[in-house]
Amino acid sequence: MRVSTDLGRVRGLDEGGVVAFRGVPFAAAPQGALRFQPPVRATAWDGVRDCAEFGSAPPQLAPAPGAPPAWRPEAGLDCLTVNVWTPAPGAAGLPVMVWIYGGLWKHGAASMPQYDAGTLAGSGVVVVTFNYRVGFEGFGHLPGVADNRGLRDQIAALEWVRDNITAFGGDPANVTVFGQSAGAASTALLMAAPAARGLFRRAIAQSIPSGVRTVAEAAAVTASIAEAAGIPATRDAFAALPPEAILAVQDAPLREGEGPTAFAPVIDDDLVTGPPWTALRTGTSQDVDLICGFTHEEYRGQGPLPPPGVDLAIVAEAVGLNREAADAYRRISPGAGDADVFTMMLSDALIRMPTTWVAEAHARAGGRTWLYDLTWSGPTLGAGHGIDIPLVFGNATTRPAARFLGSPPPADFAGLSAHVRAAWTSFATTGDPGWPRFTPERPTTRIWDTPPTDAPYPLESSRRIWQSITPR
């Protein structure tokens, strides 16, 4: 199957009812003079480009010890490519869904098997995935260089979709951006970014994390990495290093208590003016429909359980609450042990409250909003962070999916996955996911379990604990 894009013709593979085009360039390789610069248009090609294989992942380390690396040094920096799955290349006007992966702002690639979109596209939508720069390449702050290059890559990919998706059967006026974790935060930030206006009509943000950095905070991260590398904190000095040399020291700030990642979007007062919930309060994105939600046990799978005897009052202070909040959490969790209270507190702090704040901000600003709580529990990590990905894509047998689902997956996985995919694709098609909207007056929430149900907002007790905190 051949399709013409604005840069040249591409050839895809028929994979049993869905045609896949992999590794299509949407921007030039960010190397040489383009290293640490915003993305620029790729060079056109003659003839027909075979698009059977994914492009290179962006530079990154393996996500965990023993996990296969998505990137190797010999792959270089030519990573800015898109992938398209279309159920009907000869059709016209199909809804389009564009996926943004997560990964702590330092991991992730569209080639990861959990993001194979063949099953999702088989539901009658055109699905696009793409790479964006992560780690220091995408989010490191350098004097005189534009911040948030990873977000700028995302906008360039969406511009490619606008200009080319008609040739793959999609409707450029009916694009839904969806993402998880850092990809969910990206989705919410793009809703409010002037440079992304008009590039998508709907958004699905799965597990929106807290965390942005001021320029001063980002500069301190750069200084720490530069010191570890033995170089000045300048663009020229960093550009002289191969990516693997930067990767070797990019976690240097973490030894100073910076958390699981040194990177986050930088408040540049251009693309990013603050956390997503503050940006959405202005109402500039009220014309973008939004689904957002969280898994019920977000902290599970993100970090270690606390040691016996952990002081929950100290944990409460560490996440921005006062010490008395620990007792408040115990009161709303009668009979729960300290480990369960710790998981609840961290789940709220890292994901569940930020996602709630986004839903409230968008709804109060007049935007159509839907909220969900995924309570379905897998056999290994319960309703932990990331269990939504196999449910959305319908991929139960990948190595990442097995981490949540075991092997074979639970018998009720397939039915729930079909329900979730139907809701996501219905939303992308019509703007209606099939459950009541979330409003300040009636905060109805979809409870994703078997069977799915609708209920009042389920975290009211947690929300009351956090009401004394004014989120930045």
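The values are calculated or read from the model by the stated rules, or taken from the named source; none is laboratory data. Note that the structure is predicted; figures quoted are calculated from it, not measured. With ideal geometry, Cβ positions are generated from the backbone for all residues, glycine too; neighbour counts draw on all protein chains shown.
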Scope segment 231-283; condition surrounded by fewer than 19 Cβ atoms within 10 Å (Cβ to Cβ) and outside any loop (DSSP other than H, G, I, E, B); matching residues: 235, 236, 237, 239, 244, 245, 252, 254, 255, 256, 278
Check on residue 462, farther than 30 Å from residue 93 by Cα, polar (S, T, N, Q) and touching a helix residue (DSSP H, G or I) at 6+ places or on another chain (Cβ under 7 Å): yes
Counted residues, segment 219-247 - those being within 25 Å of residue 70 (Cβ to Cβ) and of a type outside the set (Gly, Ala, Ser): 10
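Considering 411, 422, 428, 418, which residue is under 24 Å from residue 359 (Cβ atoms) and surrounded by fewer than 16 Cβ atoms within 10 Å (Cβ to Cβ)? First the steps, then the outcome.
Working: 411 fails: under 24 Å from residue 359 (Cβ atoms); 428 fails: surrounded by fewer than 16 Cβ atoms within 10 Å (Cβ to Cβ); 418 fails: under 24 Å from residue 359 (Cβ atoms).
None of the other options fit; the residue is 422.
So which residues in segment 340-351 are touching a residue at least 12 places away in the same chain (Cβ under 8 Å) and more than 15 Å from the chain's Cα centre (by Cα)?
Scanning segment 340-351 gives 341, 342, 343, 344, 345, 346, 347, 348, 349.
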Criterion violated by residue 392 - all others in (1) touching a helix residue (DSSP H, G or I) at 6+ places or on another chain (Cβ under 8 Å); (2) surrounded by fewer than 19 Cβ atoms within 10 Å (Cβ to Cβ); (3) farther than 20 Å from residue 350 by Cα satisfied: (2)
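If you check 22, 2, which single one turns out to be touching a strand residue (DSSP E or B) at 6+ places or on another chain (Cβ under 8 Å) and at pLDDT below 95?
On the way: 22 fails: at pLDDT below 95.
After applying the criteria, what remains is 2.
Helices (runs of 4 or more DSSP H) wholly in segment 304-357 with at least 3 residues that are over 22 Å from residue 205 (Cα atoms) and in contact with a Pro (Cβ under 9 Å, 6 or more places away or on another chain) - which ones? Explain how you work it out, then say what you get.
Values: elements: 312-318, 325-331, 338-347.
The qualifying helices (runs of 4 or more DSSP H) are 338-347.
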Residues of segment 368-380 satisfying the condition of being in a loop (DSSP other than H, G, I, E, B) and surrounded by 20 or more Cβ atoms within 10 Å (Cβ to Cβ): 376
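State yes or no: is residue 211 surrounded by fewer than 16 Cβ atoms within 10 Å (Cβ to Cβ) and under 30 Å from residue 377 (Cβ atoms)? Reasoning before the result, please.
On the way: surrounded by fewer than 16 Cβ atoms within 10 Å (Cβ to Cβ): no; under 30 Å from residue 377 (Cβ atoms): yes.
Against the criterion (surrounded by fewer than 16 Cβ atoms within 10 Å (Cβ to Cβ) and under 30 Å from residue 377 (Cβ atoms)), residue 211 does not qualify.
Could you tell me which of the residues 70, 28, 44 is closer than 18 Å to residue 167 by Cα and of a type in the set (Gly, Ala, Ser)?
Working: 70 fails: closer than 18 Å to residue 167 by Cα; 28 fails: closer than 18 Å to residue 167 by Cα.
Only one candidate qualifies: 44.
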